[in-house]
Each structure stands twice: as structure tokens, then as C-alpha cells.
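The next block holds one structure in the form of C-alpha cells; read it before the comments.
We did not get these values from a lab; they are worked out from the coordinates using the rules stated. Everything numeric here is computed off the predicted structure, so don't read it as measured data. Heads up, the Cβs are rebuilt from the backbone with ideal geometry, glycines too, and the neighbour counts pull from every protein chain shown.
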Amino acid sequence: MKRFLVCTMLLPVLCCCSARNQRASQPYDDIPIRMMKLLEAAERERDLSKYRWCSISDLTDQLEAIKQDMARGVPVERVERNVSAAERFATAYELQYRMSESLEAYNSLDMVIRLYTEAIELNEGYAEAYDNRGEAYLVKGDFSLALQDLHKAVELKPGLANAYNGLGNIYHLKRDFDQAILYYSKAIELSWGFAVAWTNRGDAYMSKGEINEAMWDFNVACQLGYQPACKELYVLER
């Protein structure tokens, strides 16, 4: 979805400086430009995370909330904090998901965590920042902090499928496969097209020796276009 309706999404922002709200919106003069850059960052996120269900909405949901605040004439300090939080989120996200392409990118893990922490300090209700910081802690091997952040993410946003997938990953690594399957199943329930969660649940079933269930999950993920699942299915079918 290249250039996914950038103009359409920004139009309400650019038009919020109407005559009837001229004075209230005056401090927002630089916000539309910063939001345009954030939308470009969201497009990059989409490219980085084709199969990560929630990423593109993480940023665009925040931008929509900021637009609504501006339309209501919310104090500029609050708008500024939320834009700054979204900017930190976008930078951290891009760094975080380069890790899947290059081991050298792991050197930026502490910076990723710091940027998400700053985003949370600016916007305490930023569920997606908790989610992604939890995943960063998981990569770092700190299961305790990862669990804390991921549970906070679903407390703030119960429909955040990726956080449930992250919780599944933690219990999977701890070899508590039944608990992992419960969390993966919740992620799938919330987002049926979440191919990675189907694949992860298939892996958990494999670890339990439940081959038929694993093949079912790999087949669904493969049908959704996720090639790692297709490879798993091919091996099992031989």
C-alpha cells in the first residue's frame, strides 16, 4: 500500500487551522510536517514487518489520536508530547526490526529500549511502545521485564494481538508449551490473518509432539503467504 492515502490522512490535520479555531491551533504550525514524516516512517514499518500484524496501525492509530486532539484544541504541550512519543516509537521500531536482517543491528538494542522508554514517559498510555519494548527485553533475555511490559500492553489495549504473540514466545522459550499455545491462540482469535502467530503455535505443537495440529497451523500460515511456515509444512509432509 505505497503512499497509503497520505494526503487523505493529513487533510484533517492541515485543515484543523480553521478560522473558528485560529488562535487555538496556531501553536500546531510545525505538527503537520512532523506528522507527514511519521506517516513516511509508518510506510517503512509496513515494509519492514509484512507479517507482523499490528505494526502499521501502531503509528497510524497514534497519529489519528493526535489529529483528534488538535481538532479539539487540546493544549499544545500535550500534543507536542504525543508527537514526540510517536517520533521516538518510529525511530526505535526501525532500529528494532533491522535486527532480523543483520546481527550487527543487535548493537542498537539498548538504544531501542531507551527510545521506547522515552516514548512511554511522554505517553503513559502507549500500549504499542510497551509491546515493542517487551519484545526488545525478550531478545535481550530479560524475561521478567518482557512479561511485565507485555502484560501492561494488553492491559492498556486488550485487542493488541502482537502482545499476546510475544507472551506466547516467552512461555515457548521457557518450554511451557501449553501456556504458549494459549497465548498464541488468543493472538489468532484477535487477528485471524496473523501468520506468525499461526506458525509459532505450530512450532509449540511440534514441541509437544502433536504433529497433526502443527501441520494444520503451518498450512494456514502458508496459505496466508508466510514462507517459513510453508517450509515447515514441506518437511512434515515428506
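With the Cα gyration tensor of the range 175-238 giving a ≥ b ≥ c as the square roots of its eigenvalues, does the rule (a/c under 1.5 for rounded; else a/b larger than b/c for prolate; else oblate) give rounded, prolate or oblate?
oblate
Hey, fewest Cβ within 10 Å first, where do H172, H151 land in order? Numbers along the way, then the final one.
Details: H172 20, H151 14.
Starting with the residue having the fewest Cβ neighbours, the order is H151, H172.
Counting other C-beta atoms within 10 Å, which of F89, F143 has the fewest, and how do the rest follow? List each step's numbers first, then the result.
Values: F89 28, F143 15.
Listing F89, F143 from fewest to most nearby Cβ atoms yields F143, F89.
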*the range 163-227: trypsin sites (Lys or Arg not before Pro) falling in loop per DSSP and having at most 14 other Cβ within 10 Å*: K174, R175
